[in-house]
Amino acid sequence: MNYHNITTDDMLNGDGLRTVLWVAGCSHHCKGCQNPITWDENGGLPFDEAAEKELFEKLSKPYISGITFSGGDPLFEGNRAEIRRLVKRCASEFPNKTIWLYTGFIWEDIFDLPFLKYVDVLVDGRFEQALFDKKLHWKGSSNQRVIDVKKSLAEDKVILHNT
């Protein structure tokens, strides 16, 4: 898996101050995407031991609320195995921090991925430029949903996260 950046003290990609891993690779190619440079799975840098160490050092800061996986698409086929491993590690090492994940896939097509049980909030759906609204919280277009994953899995239906 490749990545483009690891940011910290981010307040735009989930609740509180967050560390964000921006991965490379996306098959959706949404018109108007804010990060088209991340579409190429071979772009960016290899996510190696040094990158993982940096990610977890930033995440370990006591004022960081959690981690957000974005990109590109963390659920791009070439990213899934590494994202699964990282999500499980984050949940294990930082059980009091939240895990957010942005994807262009919709919940109904991915809810059965076993590692999603460790994710707290999933923002699903392709970005639709015609439905863009800068007033939306944590999403770019009105078709996207900010989903409470744990409640959705428990109740076997989509439960939106309180925004």
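Restricting E57, E77, E82 to those that are loosely packed, with under 14 Cβ neighbours inside 10 Å and outside any loop (DSSP other than H, G, I, E, B) reduces the list to E57. There is no residue in the range 87-96 that is over 17 Å from L55 (Cα atoms) and either free of Cβ contacts under 8 Å to residues at least 60 places away in the same chain or of a type in the set (V, I, T) (or both). Candidates are the residues of the range 15-30 that are surrounded by 16 or more Cβ atoms within 10 Å (Cβ to Cβ) and farther than 18 Å from F105 by Cβ; the one that is modelled with the lowest pLDDT is D15.
Being assigned to a loop (DSSP other than H, G, I, E, B) and not β-branched (V, I, T) holds for only one residue in H4, H29, and it is H29.
Looking only at the range 98-135, which residues are outside any strand (DSSP E or B), aliphatic (A, V, I, L, M) and touching a strand residue (DSSP E or B) at 6+ places or on another chain (Cβ under 9 Å)? I106, I110, L116, V119, A130, L131 - these are the residues of the range 98-135 that are outside any strand (DSSP E or B), aliphatic (A, V, I, L, M) and touching a strand residue (DSSP E or B) at 6+ places or on another chain (Cβ under 9 Å). Filtering K134, K151 for residues that are at pLDDT 95 or above and of a type outside the set (D, E) leaves a single hit, K151.
Total residues in the range 81-110 satisfying the condition of being more than 17 Å from K150 (Cα to Cα) and of a type in the set (K, R): the figure is 2. Residues that are buried (at least 17 other Cβ atoms within 10 Å of the Cβ) and at pLDDT 95 or above were ranked within the range 31-50; the one that is farthest from K139 (Cα to Cα) is F47.
The values are calculated or read from the model by the stated rules, or taken from the named source; none is laboratory data. The structure presented is a predicted model; accordingly, all values stated were derived computationally and were not measured. FYI the Cβ positions are ideal-geometry reconstructions off the backbone, even for glycines, and counts take in every protein chain you see.
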